[in-house]
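All remarks here apply to the structure that follows.
The values are calculated or read from the model by the stated rules, or taken from the named source; none is laboratory data. All of these numbers come straight from a predicted model, not from anything done at the bench. Every residue, glycine as well, gets a Cβ built from its backbone with ideal geometry; the counts of neighbours run over all protein chains shown. To get the accessible areas, we keep the full protein, side chains included, count just its heavy atoms, and leave off ligands, DNA and RNA. Shrake-Rupley method; radii C 1.70, N 1.55, O 1.52, S 1.80 Å.
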Amino acid sequence: QVQLVESGGGLVQAGGSLRLSCTTFGIIFGIDTMGWYRQAPGQQRELVAAITSGGTTNYADSVKGRFTISRDNARSTVYLQMNSLKPEDTAVYYCNLRVATGNYWGKGTLVTVSS
């Protein structure tokens, strides 16, 4: 059974930093795309950043220059380094794994940025 376990969320002041981690279980990192999505109250879930197994990255315009996605294939883990956080970054952040055989989600981790 594939599981994605996120960690690293919390409360931070505007301008601060957090690093989110997502470790996958039950699947071997191979040809895939890992991503971070977020959903704020009353909003649709949106893509924040994604990284392919080849290392190609993609970011939402709203986080470019502030967030960095990376992955450690040996640890089956993807990270999201979030700097210069803003109150509008407040949301539940979800880890996503997309492979040829399926699309998997973590349960989410809450990030709250106070002004």
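Filtering the stretch 27-53 down to residues that are charged (D, E, K, R) and part of a strand (DSSP E or B), which residue is most open to solvent (accessible area, probe 1.4 Å)?
Looking at residues that are charged (D, E, K, R) and part of a strand (DSSP E or B), I get 46.
Is it true that residue 70 is among the hydroxyl-bearing types (Ser, Thr, Tyr), part of a strand (DSSP E or B) and open to solvent by less than 80 Å² (accessible area, probe 1.4 Å)?
In short, yes.
Every residue in the stretch 11-26 that is surrounded by 13 or more Cβ atoms within 10 Å (Cβ to Cβ) and either polar (S, T, N, Q) or at positive phi (or both), please.
21, 23, 24
Can you say whether residue 60 is within 23 Å of residue 100 (Cα to Cα), without any contact (Cβ under 8 Å) to a residue 24 or more places away in the chain and of a type in the set (Gly, Ala, Ser), as far as the supplied structure shows?
No.
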